[in-house]
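So the structure is just underneath, and the comments pick up after that.
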C-alpha cells in the first residue's frame, strides 16, 4: 500500500470532483490525483466527508438583506445541507462497504502473501538443507571415487604383476617342455643306441658261440678221424701216439679258446647289464623331468588362477563405480537424515576372463 499521499491533496481532489458536479468516490479521487492506494484515499475521503458536513452546517454570513429574505435563504440553505448530508451519508455507506470489501480482500491477499512467504521460506530452508545433504553426499561420493580409483589402480598393478608371473611361468613351462622333448629325444637316441649295441653284442656272442660250436664239431670230427686212424694205425703205435699227442694238444688249445670265448661272452653280458643300467638311469631322469613339468604346470595354473581372481575383482570394482549413480535415488531418504556412505568398497567376483 502506498504511504505518504498528502491529506490536503486528497481533500483538494475531492473538492475538484464535487465542483464538477460529480460525487467524490475513491476511484474518481484516485483518477484526479493519479496515484494513491484505495485504503489511504478511502480513509482520507471519510475525513473529507466529515469536514464537509461541518463546513456546510456552519452559519453563512450573508450581506445585509431583508430579514424575510435572509431567513428564507437560510432555510433553503439548511434544507440543501440536510439533503447533501443524506446524499453524503448514502455515498459514505457505499464507500464504507467498498472499503470494507477492499480491506477484506487486502487482508486476504496479505494472509495469502504471508502464507506464500512462509511456504517460500520453508522451501528455501528445505532447499538449503537439501543442498547441504547433496554437498555432503557429493563429498562422500568423491571420497568413495578416490578410494575406488586407488583400489582399481592397486588391482591393475597386481593384475599386471600376475600377468608377468604368468608369462614367466609360461616361459618356464615352454622351456620345461623343450627340455622334456630334448630329454625324450636323448633317451630315445640312448635307447636306440643301447638296443643297437645290445644287438651287436648278442650277435657277436652268438657268432662266437656258433664258431666255437663249429670248431668243436670240427674237432669232434677230427677226433673221430684220429680214433679211426688210431684203430687203422695200431701197428704204427709210435706214430699214432705222436699223432694222438698232437690231437690232444689241439683239443687243449680248443678248450682254452672256448674258455676265452666264454670269458668274452661274460664281458659282453656285463656290458649289456651296464647298458641296461644306463637305460634305467635315463628313464629315471625322464620321470624326474616329467615330475618337474607337472610341478611347473601346477605353478602356472596357480598363477593363472590368481590372475583371474584379480581380473574378477577389477571388473567388480568397475561395475560398482559405474552402477553407483543408479543407486542415488534409492538412497535419497537416508541421505536427508544425515546418513553418509560407508568409506569402504565391497568388490564382488566378476565373470572369468581368458
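Provide the FRET efficiency to the nearest 0.05 for the residue 100-residue 74 pair, computing r from the beta carbons and using R0 = 30 Å.
On the way: r = 37 Å, r/R0 = 1.25.
Efficiency for this residue pair is about 0.20.
Taking label points 7 Å from Cα along the Cα-to-Cβ direction, residue 220 and residue 241 give a separation of 3.0 nm. Rounded to the nearest 0.05, the FRET efficiency derived from the C-beta distance between residue 204 and residue 248 at R0 = 22 Å is 0.15. Fully extending the segment from residue 47 to residue 257 would add 58.4 nm, taking 0.36 nm per residue of separation and subtracting the current Cα-Cα distance. Between residue 228 and residue 114, the contour length at 0.36 nm per residue exceeds the alpha carbon distance by 24.8 nm. Here the gap between residue 89 and residue 171, fully extended at 0.36 nm per residue and compared with their Cα-Cα distance, gives a gain of 17.8 nm.
Its alpha carbons give the range 164-323 an Rg and a Dmax of 35.3, 129 Å.
Tell me the relative contact order for the range 164-323 as a rounded percent, counting alpha carbon contacts under 8 Å between residues six or more apart. Don't skip to the answer; put the middle values down first.
On the way: 60 pairs, mean separation 83.6, N = 160.
After rounding, I find 52 percent.
How much FRET efficiency would the formula 1/(1 + (r/R0)^6) give for residue 276 and residue 182, where r is the Cβ-Cβ distance and R0 is 25 Å, rounded to 0.05? Provide the component values of the computation, followed by the final result.
Numbers: r = 23 Å, r/R0 = 0.91.
Rounded to the nearest 0.05, the efficiency is 0.65.
FYI, it's all coordinate maths here, none of it is from the lab. As the structure is a computational prediction, the values presented were derived from the model and not from experiment. Cβ atoms come from the backbone with ideal geometry, glycine included; neighbour counts cover every protein chain shown.
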